[in-house]
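The values are calculated or read from the model by the stated rules, or taken from the named source; none is laboratory data. On a predicted model such as this, the values are computed, not experimentally measured, just so you know. Cβ placement follows ideal geometry from the backbone for every residue including glycine, while neighbour counts extend to all protein chains displayed.
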Amino acid sequence: MAKPKLVVTRRWPQEVEERLQALFDVQLNPSDTPLTVADLQEALRSADALLPTVSDRISAEVLSAEPLRSRILGNFGVGFNHIDIDAAKARGLVVTNTPEVLTDCTADLAMTLLFMTARRAGEGERHLRGHAWTGWRPTHMVATKVAGKTLGLIGFGRIARAVAARAHHGFGMRILYQDPYPPPKEVADAVAARQCATIEEVLEQSDFVSLHCPGGKETRHLMNAERLKRMKPSAILINSARGDVVDEQALVAALKSGTITAAGLDVYENEPRVTDELLGMENVVLLPHLGSATRETRVAMGMRVLENVEAFFAGRPPRDRVA
């Protein structure tokens, strides 16, 4: 019997690509060039499965391809707001993602952003590399202490809980959170976290606010001008979740006016484009979507996609089905 044909939209870790090739008829992307709408539609017409990443916009237009051969979208990533889920369901496509395996590394990255912004690390490195440093002095680049401060989490899923554990047990931070689907009491108690009734309550009390909610229509511009004004003037915003959760123009205005002190971003509203004003700001740390970017995690993500696709073509329910 012929092996199912798979199209992989970007380069994946070598170990994963080799395993895919051993099990399936695979079309890889050795140039790592993003596929166009036409390319994605052709993949849906010619392959039994499309394996996209968070950088591929699987829109209703893409999913309108005829005739449709693909039966599953095996997404490389935990987030799936780049996929039009309603359109995928309407076409009878199964959609899977890769939860759990990237929790620790994404939490580490959120803490990296927190410390870099709090201690002005990006600004300090640029200062040094620009040959502007004249030596130690008591008032030079004074920043914000982290230990003992209050960390507010918008969303309290796996990654947020891992951030809370690092912040509370490692740095004695007080943890506040808001989530419409709060965890069991013992989960919050493990990090002495207190659930707030509203997002605004979290914003008003926190020294650092870290976003951990999914993207999509329900959370688009969750952090808008009005909510940014509810934060302390000394507060710092961290986003390692999804770029569209933050209104970037409102964030630019808040940073310029001193509404908040700083921001640390790993994701952007219009990736890979970043708002020009952010690029020139010293009180912003910008990373190129590195949340899961460790070799161990990216391999594990690819293997999780493989596990889901293998199960599907063997007639078993995929472990991580989201649609």
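Data for the structure
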read-out: Pick from the stretch 70-107, criterion more than 23 Å from residue 217 (Cβ to Cβ) and hydrophobic (A, V, I, L, M, F, W, C), ranking: surrounded by the fewest Cβ atoms within 10 Å (Cβ to Cβ); value: 101
read-out: So residue 267, is it in contact with a strand residue (DSSP E or B) (Cβ under 7 Å, 6 or more places away or on another chain), of a type in the set (A, V, I, L, M), within 20 Å of residue 53 (Cβ to Cβ) and touching a residue at least 40 places away in the same chain (Cβ under 8 Å); value: no
read-out: Set 258, 264: member being of a type in the set (Gly, Ala, Ser), surrounded by 17 or more Cβ atoms within 10 Å (Cβ to Cβ) and modelled with pLDDT of 95 or more; value: 264
read-out: Helices (runs of 4 or more DSSP H) wholly inside the stretch 108-219 that include at least 2 residues being surrounded by 16 or more Cβ atoms within 10 Å (Cβ to Cβ); value: 121-129, 158-171, 199-205
read-out: Enumeration of residues in the stretch 170-192 that are in contact (Cβ under 8 Å) with a residue 12 or more places away in the chain and farther than 13 Å from residue 149 by Cα; value: 177, 178, 179, 182, 183, 187, 188, 190, 191, 192
read-out: Test result for residue 300, in a loop (DSSP other than H, G, I, E, B) and surrounded by 17 or more Cβ atoms within 10 Å (Cβ to Cβ); value: no
read-out: Subset of the stretch 303-322 (residues that are among the hydrophobic types (A, V, I, L, M, F, W, C) and buried (at least 16 other Cβ atoms within 10 Å of the Cβ)); value: 303, 305, 306, 309, 311, 312, 313, 322
read-out: Any hit, the stretch 11-27, residues being within 21 Å of the chain's Cα centre (by Cα), under 21 Å from residue 267 (Cα atoms) and either aromatic (Phe, Trp, Tyr) or assigned by TED's automatic domain parsing to the domain that holds residue 80 (or both); value: yes
read-out: Test result for residue 237, buried (at least 19 other Cβ atoms within 10 Å of the Cβ), of a type outside the set (S, T, N, Q), modelled with pLDDT of 95 or more and outside any helix (DSSP H, G or I); value: yes
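Yes/no matrix, rows are residues, columns are (1) charged (D, E, K, R); (2) at pLDDT 95 or above; (3) touching a strand residue (DSSP E or B) at 6+ places or on another chain (Cβ under 7 Å):
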| site | (1), (2), (3) |
| --- | --- |
| 187 | no, yes, no |
| 230 | yes, yes, no |
| 285 | no, yes, yes |
| 298 | yes, yes, no |
